[in-house]
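The values are calculated or read from the model by the stated rules, or taken from the named source; none is laboratory data. Because the structure is a prediction, the values reported are computed rather than measured. Just the protein is used for accessible areas: all its heavy atoms, side chains included, with ligands, DNA and RNA removed. Shrake-Rupley method; radii C 1.70, N 1.55, O 1.52, S 1.80 Å.
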Amino acid sequence: AQTVTQSQPEMSVQEAETVTLSCTYDTSESNYYLFWYKQPPSRQMILVIRQEAYKQQNATENRFSVNFQKAAKSFSLKISDSQLGDTAMYFCAFRGVTSGSRLTFGEGTQLTVNP
Amino acid sequence: DAGVIQSPRHEVTEMGQEVTLRCKPISGHNSLFWYRQTMMRGLELLIYFNNNVPIDDSGMPEDRFSAKMPNASFSTLKIQPSEPRDSAVYFCASSPYRSSYEQYFGPGTRLTVT
């Protein structure tokens, strides 16, 4: 079974600064997909970024980028130029190719961006 | 596209009553998922369907919970009888039937059982 761990329950950052959220996972699969989802106070789950395990290049979406270290089973999210609207709960998620369509989520990290 | 649609958005009911949550997935998506979110347990997958067929219901807490997907555009999650510990936010999500695709979540239904 896969497990996803987010060791930072809460984090805060000043507006315009950079913050990195950590995520580690454990799996025996060699091919899988990793995601970061954002859940603002509206509770809507919004996809932030996706990484395919077979790609060595780290995914980037505007101010959001990941540091994917496959050997270390680490998948951190970096938010640059933090904005007040980035305040949300962030979930790391794993989806294996052979384990079906299910997503396994981490516990979440509550990020607060301060003005 | 309207995205995943869930109804109702909020439901308050008394213990022992039957509760039915509804979901309309994104058109063309073959996989549908039901999740439950609580402070104590985080996000839990309850059940998922591929092409309207239940594939994995190992996350369904007990026999009081049941889910159906009679067609590609509609699914229900039923709790009968409901208990206070069922209070949570229930999400429905859908995705194309390939593991490379992300899941798209609905807005959730906040259920309160008193």
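Data for the structure
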quantity: Relative contact order of chain A, defined on C-alpha pairs under 8 angstrom at six or more residues apart (%); calculated: 38
quantity: Residues of the stretch A:73-115 buried by at least 20 Å² on assembly (accessible area, 1.4 Å probe, chain alone as reference); calculated: A:91, A:95, A:101, A:102, A:103, A:105
quantity: Lysines with Cα under 27 Å of residue B:78, excluding same-chain neighbours fewer than 8 positions away; calculated: B:24, B:68
quantity: Ranked order, B:86, A:81 - accessible area, probe 1.4 Å, largest first; calculated: A:81, B:86
quantity: Antiparallel DSSP beta bridges within the protein assembly as shown, as percent of all bridges there, nearest 5; calculated: 90
quantity: Surface accessible to a 1.4 Å probe, residue A:68 within the full protein complex, Å²; calculated: 20
quantity: Chain-alone versus full-assembly comparison, the stretch A:18-47, residues with accessible loss of at least 50 Å² (1.4 Å probe); calculated: A:43, A:44, A:45
quantity: Binned Cα-Cα distances of chain B, short to long, each 5 Å bin given as a whole percent; calculated: 2, 13, 24, 27, 19, 10, 4, 1, 0
quantity: Percent carbon-and-sulfur accessible area, the stretch A:45-100, ignoring ligands, DNA and RNA, probe 1.4 Å; calculated: 46
quantity: Debye equation applied to the C-alpha atoms of the protein assembly as shown, log10 I(q)/I(0) at 0.18 Å⁻¹; calculated: -1.35
quantity: Chain A shape via C-alpha gyration tensor axes, a/c threshold 1.5; calculated: prolate
